[in-house]
1. Which residues, taken from the range 310-324, are without any contact (Cβ under 8 Å) to a residue 60 or more places away in the chain and either outside any loop (DSSP other than H, G, I, E, B) or buried (at least 17 other Cβ atoms within 10 Å of the Cβ) (or both)?
2. Out of (1) within 19 Å of the chain's Cα centre (by Cα); (2) part of a helix (DSSP H, G or I), what's the single condition that is false for residue 380?
3. With the structure loaded, tell me whether residue 127 is away from the ligand (no atom under 16 Å from the Cβ) and out of contact with any helix residue (DSSP H, G or I) (no Cβ under 7 Å at 6 or more places or on another chain) or whether it fails that test.
4. Are any residues in the range 389-414 within 16 Å of the ligand (Cβ to nearest atom) and part of a helix (DSSP H, G or I), and if so, which ones?
5. Scan the range 71-112 residue by residue and report those that are under 21 Å from residue 132 (Cβ atoms), touching a residue at least 12 places away in the same chain (Cβ under 8 Å), more than 16 Å from the ligand (Cβ to nearest atom) and not in a strand (DSSP E or B).
6. Tell me, please, whether a residue that is assigned to a loop (DSSP other than H, G, I, E, B), buried (at least 16 other Cβ atoms within 10 Å of the Cβ) and at pLDDT 95 or above can be found in the range 144-167.
7. Would you check if there is a residue in the range 179-195 being assigned by TED's automatic domain parsing to the domain that holds residue 72, over 16 Å from residue 57 (Cα atoms) and in contact with a helix residue (DSSP H, G or I) (Cβ under 7 Å, 6 or more places away or on another chain)?
8. With respect to residue 173, is the statement that it is within 14 Å of the ligand (Cβ to nearest atom) and closer than 29 Å to residue 130 by Cβ true?
Ligand code: PA5
């Protein structure tokens, strides 16, 4: 098993009786999900995706990735939120956050359309100078402002550099199957398109073409990723909390939440986990944060953040709990060098594998935080392979759905993200928003 939940350090915060008591709610959540009778039931495509995916498209993804690898130095994934976080999380976790700086025979990968920054666009355009480029615009709606603006910029760059015909071979579009302006535009322009399935929301879409094409371009084993997810899908069919670590994680989160632990911190000890934390924050934040409810998802990378947020976690407001991802195997062993002068007094560590120091730091921190009143649980992950990560992705997605149903929200909608967009469009002068603009401008003075 690639993922195990270790709840041994929770005994002073969550009792066996509390777990027994929440079982009926877990079973109800399981029944709602599996019978497809719960809220948001038209967005459950992700539940069977690891086995029930479009095999013909999967083959096209691999072929497109091979073509991209041959024809460009730089590949730009244009998307925001659920349309980019999953791909970046997998690429940085399985490869490296320094992927672009490593020796490799795959293209450098950059991300655009995930911000509203003139500086970021300009910087990436400069990086592209003199390089061969391919782009993948990823947008289910096709009308999201940030990626739409970036697509305008990089499509124009490609057409200028390669001509309209040449650019056509370098533009890949992942969008809605039939509806939406981007699909029509792409078909007319002759771009190769991939599908964001109707029944899969953005934050649950990493195992569709949304994530898989950029991940395959990075040279990652997408078969392994899907196989890991499929193994998790098989492992978590029994709603009994004694037999299901995924549901147990969902249950414990809700027990802690009801005791005032309103912030969950996802903890990693490897910098390559940083973007996985960002993907997880969107998954849980957008799924559960609604109806004036929900655990606030935060994240840290230790030991880095022990030197910044460690004080707060140890000793600040006691509304926190931590979920630590402990990765058991490292592909690298690194013995600490000896220093004959021993100027730092650390020669007792000479020759010790840095992985052991990391593990010890984790154990020490765990005990200190538990003593400080912060409930801690561990998600033990076998290694950083595509297979194990696929397993973990499905674990988190399924736990999120179950947790959301226990909480009593629809985990698959995101009505709250529209509020700022309406204000922004009104203030920017979008036709049809005139009255709203006047009202907002009056409020802004
Ligand atoms: O999870 C979500 O639904 C969002 O994060 C969307 O993925 C994000 O807003 C991008 O939307 P779109 O793919 O339509 O451009």
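1. Step one: of the range 310-324, the residues without any contact (Cβ under 8 Å) to a residue 60 or more places away in the chain are 310-312, 315-320, 322, 324.
If the condition is that a residue be without any contact (Cβ under 8 Å) to a residue 60 or more places away in the chain and either outside any loop (DSSP other than H, G, I, E, B) or buried (at least 17 other Cβ atoms within 10 Å of the Cβ) (or both), then 310, 311, 312, 315, 320, 322, 324 are the ones that fit.
2. Going through (1) within 19 Å of the chain's Cα centre (by Cα); (2) part of a helix (DSSP H, G or I) one by one, residue 380 breaks only (2).
3. Numbers: away from the ligand (no atom under 16 Å from the Cβ): yes; out of contact with any helix residue (DSSP H, G or I) (no Cβ under 7 Å at 6 or more places or on another chain): yes.
Against the criterion (away from the ligand (no atom under 16 Å from the Cβ) and out of contact with any helix residue (DSSP H, G or I) (no Cβ under 7 Å at 6 or more places or on another chain)), residue 127 qualifies.
4. Applying the first criterion (within 16 Å of the ligand (Cβ to nearest atom)) to the range 389-414 yields 393, 396-397, 400-401, 404, 409-414.
Within the range 389-414, 393, 396, 397, 400, 401, 404 meet the criteria.
5. Across the range 71-112, the qualifying residues are 71, 72, 73, 91, 95, 99, 104, 105, 106, 107.
6. So the first thing to find is which residues in the range 144-167 are assigned to a loop (DSSP other than H, G, I, E, B), and the list is 144.
Now restrict to residues that are buried (at least 16 other Cβ atoms within 10 Å of the Cβ): 144.
Still in the list and also at pLDDT 95 or above: none.
No: the range 144-167 contains no residue that is assigned to a loop (DSSP other than H, G, I, E, B), buried (at least 16 other Cβ atoms within 10 Å of the Cβ) and at pLDDT 95 or above.
7. Yes; the residues of the range 179-195 include at least one that is assigned by TED's automatic domain parsing to the domain that holds residue 72, over 16 Å from residue 57 (Cα atoms) and in contact with a helix residue (DSSP H, G or I) (Cβ under 7 Å, 6 or more places away or on another chain).
8. Values: within 14 Å of the ligand (Cβ to nearest atom): yes; closer than 29 Å to residue 130 by Cβ: yes.
Considered against the rule, which asks whether it is within 14 Å of the ligand (Cβ to nearest atom) and closer than 29 Å to residue 130 by Cβ, residue 173 comes out as yes.
The values are calculated or read from the model by the stated rules, or taken from the named source; none is laboratory data. As the structure is a computational prediction, the values presented were derived from the model and not from experiment. Note that we place each Cβ from the backbone using ideal geometry, even for glycine, and neighbour counts take in every protein chain shown.
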